[in-house]
Amino acid sequence: MKKRLLALTLPLAAVSAGAVYMSNRLFNFAFKRVNYVPETSADKQKYADDYYAYVDWYRQIPHDTWYLNENDPENKLVASYIPNPAGQGKTVIISHGYKGNRETMANYARCFMNSASTSCCPMTGHTAIVLVNTSTLAGWID
């Protein structure tokens, strides 16, 4: 009886340990934050010049850095607030997605700046774009 229990327990423990290990590896691969602009794949190279022009624009424009939970490393959030001198009281919050950062959203920030909106690009988790005031963007979301 003990041999049979041991014969079932050891493989089950090994499979469980392997599953936990692989789950951890996959989780870190998928959700670990990156602090760099990811390399562009070969099929997207044709957009690289435009992309880096937007990144250069983002780095050159004046913007403020906002912090939430600044002293709590587990819950710290960072955002770039880009005031628009021609702003009309409209603010757009642009949140990057999967493994992105504020710079990867520069093209959206510039688009909204051109529509006289102020932009805020938070460094948050994996969410979509949230529009606070879309009155001038009717039909664009469609």
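Rounded to the nearest 0.05, the FRET efficiency derived from the C-beta distance between Asp43 and Asp72 at R0 = 30 Å is 0.15. Spin-label model, Asn114 to Asn35: label points 7 Å out along the Cα-to-beta-carbon direction sit 3.3 nm apart.
The stretch between Trp57 and Lys3, if pulled fully straight at 0.36 nm per residue, gains 12.5 nm over its current Cα-Cα span.
Read-outs throughout are calculated quantities, based only on the coordinates presented, and are distinct from any laboratory measurement. Source: prediction; values computed, not measured. Note: ideal-geometry Cβ built from the backbone for every residue, glycine included; neighbour counts use all protein chains shown.
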